[in-house]
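The values are calculated or read from the model by the stated rules, or taken from the named source; none is laboratory data. Nothing here was measured: the structure is a model prediction, and the numbers come from that model. Because the Cβ atoms are built from the backbone with ideal geometry, glycine has one as well, and the counts that use them run over all protein chains shown. SASA here: full protein model, heavy atoms, side chains in, ligands and nucleic acids out. Shrake-Rupley method; radii C 1.70, N 1.55, O 1.52, S 1.80 Å.
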Amino acid sequence: QSQLRNWQLEMLAIPAPTFHESARAAWFVEKFTSLGLTHVHLDDAGNALGELPAATPGPYLLVSAHLDTVFPVGTRTIPSEDGTRILGPGACDNAAGLTALLGLIAAMRFANIAPPMPILFAANVCEEGEGDLRGIRHIFANGGYSGRIAAALALEGSGTGIAVTRALGSRRFRVTVSGPGGHSWSDADTPNPISILSRGIATLAALSSFVPPTGD
């Protein structure tokens, strides 16, 4: 437990806003190497990767945790301790998941476990917000492991009481609304794009229970 806590405190002190995870990724390359993983490297997207080989080659089990936090560049990230609690930006999401990733590797290496299939461990970038899962998408679609992953497990946040087995679909759109209005004085009584955008948001919210039709 003391090792896990030290890892989490050290990791939290390394800022990792989305698109700026390189320092924390380099830290993970160092830790993956010290824990004895093979083929430790940074891929083209900036993900830190390492393998625990199996007796025979085959498809991989991917075990991952995302490096980035939702806190912007310039946020003070030095953690503090309050009794048993660790306080700091991203202490739970996702430093807890990342710490569990290291703990899992350390436990398997200490027990000399040879898994029945090779395990790919990943500390992946750009999970949050506008990152739009760029790191994990790269692993599945564009990296050297594309087409070679049979199953995946993502460690996220704290606790072990919940296992999510069905993901939510997500599509992101950028919408620009323009119009002649805007200023409350000089543009009074002319259409304001903010009002139009607000109506659109309200309309989308009313569609939350919409179920698309089945069939062709």
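Summary of computed values
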{"read-out": "Members of region 142-155 found to be within 25 Å of A96 (Cβ to Cβ) and surrounded by fewer than 18 Cβ atoms within 10 Å (Cβ to Cβ), listed by number", "value": "I149, A151, A152, L153"}
{"read-out": "Flag for A114 being at pLDDT below 95, more than 21 Å from H20 (Cα to Cα), of a type in the set (G, A, S) and in contact with a strand residue (DSSP E or B) (Cβ under 9 Å, 6 or more places away or on another chain)", "value": "yes"}
{"read-out": "Candidate set: region 1-43, residues that are within 18 Å of the chain's Cα centre (by Cα), of a type in the set (D, E, K, R) and buried (at least 20 other Cβ atoms within 10 Å of the Cβ); chosen: the one nearest to M108 (Cα to Cα)", "value": "R24"}
{"read-out": "Strands (runs of 3 or more DSSP E) completely within region 33-101 that count 2 or more residues being touching a strand residue (DSSP E or B) at 6+ places or on another chain (Cβ under 7 Å) and of a type in the set (G, A, S)", "value": "48-52, 60-66"}
{"read-out": "Close pairs from region 190-203: first assigned to a helix (DSSP H, G or I), partner small (G, A, S), Cβ under 8 Å, at least 6 apart", "value": "P193/S178; P193/G179; P193/G181; P193/G182; I194/G182; S195/G181; I196/G179"}
{"read-out": "Residues being in contact with an Asp or Glu (Cβ under 8 Å, 6 or more places away or on another chain) and open to solvent by 30 Å² or more (accessible area, probe 1.4 Å) - total across region 54-99", "value": "3"}
